[in-house]
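To keep things clear, I will list the structure first and then write my remarks on it.
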Amino acid sequence: MNFSRSREFEKRLQEIIPGGAHTYAKGADQFPELSPGVIARGSGSHVWDVDGNEFIEYGMGLRAVTLGHAYPPVVAAVRESLELGTNFTRPAAIELECAERFLEIIDGAEMVKFTKDGSTADTAALRLARAYTGRDMVAICAEHPFFSYDDWFFCTTTMDGGIPEVNYPLTVRFHYNKPDSLRALFDAHPGRIAAVFMEPARTEEPADGFLHKVQALCRQNGAVLIFDEMITGFRWHLGGAQKVYGVVPDMSTFGKAVANGFSLSILCGHRDILRLGSRERDEDNVFLLSTTHGAEIPSLAAAIRTMEIYRREPVIEHLYRQGERLAAGFRAAIAHHHLEGYLDVVGRPCNLLFGTRGPDKRPSQAYRSLFLQETIRRGVLMPSLVVSYSHSDADIDQTLAAVDGALAIYARALEDGAEKYLVGRPSRPVFDRR
Ligand SMILES: Cc1ncc(COP(=O)(O)O)c(C=O)c1O
């Protein structure tokens, strides 16, 4: 495979865009050198890079594209909307339609506000919780890797340059499936914690009624429960993971898949909290998500069409089915190459990840890079194992053949060293300080 145009583009990207991309996870340092650095176009489950190489892909726009790239019915809805204009002086009729369609889907959500990315929706949820409770602290789940690029979250990461000290004591962390760790925070900071922030689940399922226990602790201690459904929404279930686990949070945030990759994220929740952002009350108002592009029409058209497709067609079932096939085949390949303990597949079938370990059985970027390099060579781009409604049986079969070939090299590299097979430097984690 030739990646020469990719390398040229990448060089220029690095020069004029910090990080070389608009999401660090897409950056050049996340992938091996022998990889498609820049994508020219996508269709369904396939993408083509700027050198003309074709790949089946399993990143799907950081999990935003659940139906498929350039999914024709969504593209048609957006195209029709473009003829009507994109932004007016007063609300557009489609804002009401999109809000109503969305609230039909999410149990317990009575009001909704649109914005453009998940980070701003999450920060707005926290602002509301603070205003509602009159408190300043937030408890976040330590095992959940990303909520917002804002200071309240990034002060907990290793990439915390530029964040004022005042933020650090206000964000505290509890552990998933350990209700006592949350109880301890409430005990240590009585009357201070405004909100508990978490994804309902990630790779670990809630055990022993954990989410119900979290909700009970929030109620006992007067804190607002916020579920971040950026990943789980429209993937675990159309009604979000909250529907699967039977826990209705006070607020939740959605994004990513809601508009099949068009830029829309959504804050929703109980009226008594969200109405703090309205303007017909006697109390002080909260300035809540007032943005120029918040209700930009093409994204709302994409969301409405995406929701229609989910309601009409077995999208979620397909994600689970293809994920199950992928996981089973991947695990069989691991067993076939005697690589148990060196690679594993984790998560729900609709949202799988894989782990790579070196000879010492510790997580290894060099072995991750080697695996990516060898699957890329075989026509598959799989930084994770995220399937879409467009991933066909043939895609999965071809992918499993690529995984099998890559694992044969991986097994040899465990004997001889990854450097013998990996071209160039290994990739780096996103949260890398230096
Ligand atoms: C769980 C979760 N919450 C929030 C966000 C932030 O969303 P955005 O990148 O749209 O700001 C992400 C992004 O990856 C996420 O995975």
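Listed values, structure above:
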item	result
The stretch 88-148: C-alpha pair distances exceeding 12 Å, %	77
Length released on extending from residue 22 to residue 362, taking residue separation times 0.36 nm less the Cα-Cα span	119.4 nm
Principal axes of the stretch 316-434: Cα extent on each, largest first, Å	40, 35, 24
Mean projected area in nm² (Cα convex hull; one quarter of hull surface) for the chain	21.8
Cut-off 15 Å (backbone N to label point 7 Å along Cα→Cβ of residue 425), residues of the stretch 361-405	365-366, 369
Net charge contributed by nearby residues that have their C-beta within less than 13 Å of residue 273 (K/R +1, D/E -1)	+2
Candidates per trypsin sites (Lys or Arg not before Pro) in the stretch 277-306, loop by DSSP, up to 16 other Cβ within 10 Å	279, 281
The chain - share of DSSP beta bridges that are antiparallel (%, nearest 5)	55
Net +/- balance of residues flanking residue 398 in space, Cβ distance below 14 Å, scoring K and R +1, D and E -1	-3
Sites residue 290 and residue 184 - FRET efficiency at Förster radius 51 Å, r taken between beta-carbons, to 0.05	0.85
The chain, relative contact order in percent, only Cα pairs under 8 angstrom and at least six apart counted	22
Fully extended contour minus Cα-Cα distance, from residue 167 to residue 204, at 0.36 nm per residue	10.4 nm
Nitroxide proxy distance, nm - points 7 Å out along Cα→Cβ at residue 160 and residue 308	4.8
Inverse of mean 1/r across different Cα pairs in the stretch 1-153, Kirkwood, Å	19.3
Per residue accessible area of the chain, 1.4 Å probe, in Å²	44
Relative contact order for the stretch 137-240, counting Cα pairs under 8 Å that sit 6 or more residues apart, in percent	29
0 to 90° range, to nearest 10: angle between helix 393-416 axis and the chain longest Cα axis	70
Cross-link reach list, aspartates and glutamates versus residue 11, counting only Cα pairs under 19 Å and skipping chain neighbours closer than eight places	29, 33, 49, 51
Ratio of the Cα radius of gyration of the stretch 223-314 to 2.2 N^0.38 Å, where N counts its residues	1.19
Neighbour cut-off at most 12 other Cβ (10 Å), DSSP loop, chymotrypsin sites (Phe, Trp or Tyr not before Pro), the stretch 261-368	287
By accessible area with a 1.4 Å probe, ligands and nucleic acids excluded, highest first: order of 414, 352	414, 352
Candidate lysines - alpha carbon under 24 Å from residue 178, same-chain residues fewer than 8 apart omitted	213, 243
Selection from 184, 114, 92 lying farthest towards where the dipole of the chain points positive, charges on Cβ	184
Expected 222 nm ellipticity per residue - DSSP helices of 4 or more, -39500 (n - 2.57), all of the chain, to 500	-12000 deg cm²/dmol
Exposed-loop-free span, longest in the chain, where GluC sites (Glu not before Pro) count as exposed if DSSP calls them loop and at most 11 other C-beta atoms lie within 10 Å	84-279
FRET E, pair residue 433, residue 220, Förster distance 45 Å, beta-carbon r, rounded to 0.05	0.75
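The values are calculated or read from the model by the stated rules, or taken from the named source; none is laboratory data. Computed from a predicted structure; not experimentally measured. Quick reminder, even Gly has a Cβ in these numbers, built from the backbone with ideal geometry, and neighbours come from all protein chains shown. In case anyone asks, the SASA skips ligands and DNA or RNA and just uses the protein heavy atoms, side chains included. Shrake-Rupley method; radii C 1.70, N 1.55, O 1.52, S 1.80 Å.
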